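The values are calculated or read from the model by the stated rules, or taken from the named source; none is laboratory data. All of these numbers come straight from a predicted model, not from anything done at the bench. A quick note on method: Cβ atoms are made from the backbone with ideal geometry, for glycine too, and the neighbour counts reach across all protein chains shown.
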């Protein structure tokens with residue numbers, strides 16, 4: 001890695017005022033990281049800051065891992081069964097067991113840290129599908145959002161089984177991009193037709209049109225959704241980034257982004273927000 005790139009990352013990770021702090025969504029200044037600084041592709045789908053301090057960046061052309069000094073890129077290799085399933089990496093997720101889950105455009109995989117390789121799991125989805133997102137609830141259940149519905153991991157068989165899609169009756173679109181937990185037995189689901197509240201016990205769903213309808217009445221795709229330390233909900237997609245504060249009932253749009261369509265939102269240790277999209281990363 002070049003000295004300039006290392007210095008840029010160190011500077012960006014140390015920002016507390018000039019970066020976008022989660023505590024102050026009104027004070028916005030961004031720096032931009034692209035292929036010229038070491039990314040495998042400018043199309044960023046997701047960003048994860050893991051418990052070991054690594055920044056993981058999912059792109060259209062591979063998975064990037066940054067340890068504070070060097071950038072490593074993982075790509076699919078046809079003749080290597082333990083490479084990532086597809087170069088288009090959509091999601092990275094770390095669960096409470098420190099397992100790192102990778103979602104790609106052809107299936108999901110589990111990263112084996114000890115051997116620096118990827119292990120594919122069985123799924124009832126059958127064939128190729130896009131693994132868009134993962135969520136671990138307070139009860140310890142692991143869910144996967146895909147292009148063919150919502151799945152839950154059976155820990156005994158290590159297989160994902162369907163809850164929405166594949167013959168399961170539901171008012172929610174099968175194309176689910178991301179999700180967060182909202183209280184007991186309830187999820188916020190980001191879909192190609194906006195945001196939904198989904199009750200896991202009753203299987204009932206309520207859409208949230210106020211948050212995801214454009215000025216001309218068109219339903220917007222929501223591609224990513226996260227909750228910050230102040231319990232505000234940040235979501236992004238075709239309509240940029242918005243911040244919803246449930247305690248106040250307010251909705252705010254973030255301006256000044258250069259990423260275009262927003263696909264990833266993540267917070268670092270200083271609560272600065274990393275926003276990834278079509279044109280690299282805004283910090």
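Some points to look at:
- Residue check for residue 21: surrounded by fewer than 20 Cβ atoms within 10 Å (Cβ to Cβ) and either in contact with a helix residue (DSSP H, G or I) (Cβ under 8 Å, 6 or more places away or on another chain) or modelled with pLDDT of 85 or more (or both): no
- Tabulated pairs, region 38-60, first under 22 Å from residue 270 (Cβ atoms), second assigned to a loop (DSSP other than H, G, I, E, B), C-beta under 6 angstrom, 6+ apart or interchain: 49/268; 54/67
- Listing of strands (runs of 3 or more DSSP E) fully contained in region 198-253 that carry 1 or more residues being at pLDDT 85 or above and surrounded by fewer than 19 Cβ atoms within 10 Å (Cβ to Cβ): 222-227, 240-245
- Qualifying residue in region 150-170 (condition: part of a loop (DSSP other than H, G, I, E, B), under 26 Å from residue 239 (Cα atoms) and modelled with pLDDT under 85): yes
- Yes/no for residue 65 being under 19 Å from residue 281 (Cα atoms) and at pLDDT 70 or above: yes
- Residue in region 177-197 that is touching a helix residue (DSSP H, G or I) at 6+ places or on another chain (Cβ under 7 Å), farther than 24 Å from residue 51 by Cα and either at pLDDT 85 or above or part of a strand (DSSP E or B) (or both) present: yes
- Filtered residue count, region 254-283, keeping only those that are surrounded by fewer than 18 Cβ atoms within 10 Å (Cβ to Cβ) and in contact with a helix residue (DSSP H, G or I) (Cβ under 7 Å, 6 or more places away or on another chain): 0
- Condition met for residue 120 (under 27 Å from residue 237 (Cα atoms), at pLDDT below 95 and surrounded by fewer than 21 Cβ atoms within 10 Å (Cβ to Cβ)): no
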